[in-house]
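Structure first, commentary second.
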Amino acid sequence: MKSMSSLLFLLLPLMGSVLVVYGIFQAVLDLRTSKSRKIIDRLKEGGQSQHDRKLKESILRRRASELQGGALEGLLSRLQVVSKLQRVLDQADVSWSASRLLINLSLASLGVTALMLFLQMSAISSLAAGASVLMLPIWYLLHRRKRRIRRIMLQLPDVFDLMGQALKAGHSLASAIQLVSEQLPEPISKEFAQVFHEQNLGIKIEEALLNMANRVDQMDVRFFVTAVLIQRQTGGDLAEVLEKIGKVIRERIQLFGMVQALTAEGRLSGWVLLILPVLVFFTSLAINPDYARVLLDTGPGRIMLGSAIAMDLMGLAMIKKIVNIKV
């Protein structure tokens, strides 16, 4: 108890100092970015839909934050893990800054850990709660990114068909991109709308398409962008190329669905093997607590429980590796 109190006397002033410094940093940053907000307001165009205005504001806000970010955020943005997290945020359609998100999650994690230690919880429980506060939002972002990317891939054949028909009707490439952003549902419409607005704001259309390919980071999208870049340099019938790419992607989607159906039993077996031991343990803990608590109250029991959890997770990872067939 004495060591816990001394630890709290060290952690609480440190947490208070960090929160005060962070508050001052946010206030100074807001004052510095007030001018960029005024510029964004002046660049708003009348007669646009609310969706288009929000999209343009997000593009301008991201450009302004890249140029006028704080010293701490600028230092963190150089780290490779922050750049990867920023890509996850872009792919999940979350308009946050990765460095600022990492700072906020770290402060929240430290705050939860210090609060649980102040409430005289065990050190392991406090650290586990702090790690959960840090990792659960990131896990949610990864899940959201995966779901959104899958929806984009399923929409690509319709995109290529619509663009091919627009090009055959005499539309330019920029007009075809605008047509996709207006006629197709999200999330693919938002990606193409961002390409269209970026080239309207002065970015070359080739660079805007490359930005989309880097955001989505999927092979089929890179095929499309590569075909467009080659056509703009050497010429050719882009509509015919898009039709062939759309046909190939449709066949890949069908093959992927077949693989998913054939591997559904293996994936279900993995989740059953993960959940079944947990259910058996808690059932035993409810029916016969003295028998089950041997794994919690004794040293050898904790070692056995930790080994069982590690082997259970390892088995799930191995099953997922076996059934994860690349198409």
| task | Could you please let me know if residue 132 is surrounded by fewer than 17 Cβ atoms within 10 Å (Cβ to Cβ), within 25 Å of residue 246 (Cβ to Cβ) and not charged (D, E, K, R)? | result | no
| Single unsatisfied condition, residue 240 versus (1) of a type in the set (Asp, Glu); (2) over 25 Å from residue 95 (Cβ atoms); (3) under 26 Å from the mean Cα position of the chain (by Cα) | (3)
| Selection count where residues are over 26 Å from the mean Cα position of the chain (by Cα), without any contact (Cβ under 8 Å) to a residue 40 or more places away in the chain and under 17 Å from residue 161 (Cα atoms), scope the range 191-230 | 1
| remark: Within the range 98-127, the residues that are touching a Ser or Thr at 6+ places or on another chain (Cβ under 9 Å), among the small types (Gly, Ala, Ser) and under 25 Å from residue 86 (Cα atoms) are 98, 99, 109
| message | Restricting to the range 107-126, name every residue that is small (Gly, Ala, Ser) and surrounded by 15 or more Cβ atoms within 10 Å (Cβ to Cβ). | response | 109, 111, 114, 126
| Could we say that residue 236 is surrounded by fewer than 16 Cβ atoms within 10 Å (Cβ to Cβ) and within 28 Å of residue 319 (Cβ to Cβ) here? | no
| helices (runs of 4 or more DSSP H) wholly in the range 200-310 with at least 1 residues that are within 30 Å of residue 168 (Cα to Cα) - which ones? | 205-216, 219-234, 238-262
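Throughout, read-outs are computed from the coordinates displayed, never taken from laboratory work. Small disclaimer: the values here were computed from a predicted structure and weren't measured. Please note: Cβ atoms are built from the backbone with ideal geometry, for glycine as well, and neighbour counts cover all protein chains shown.
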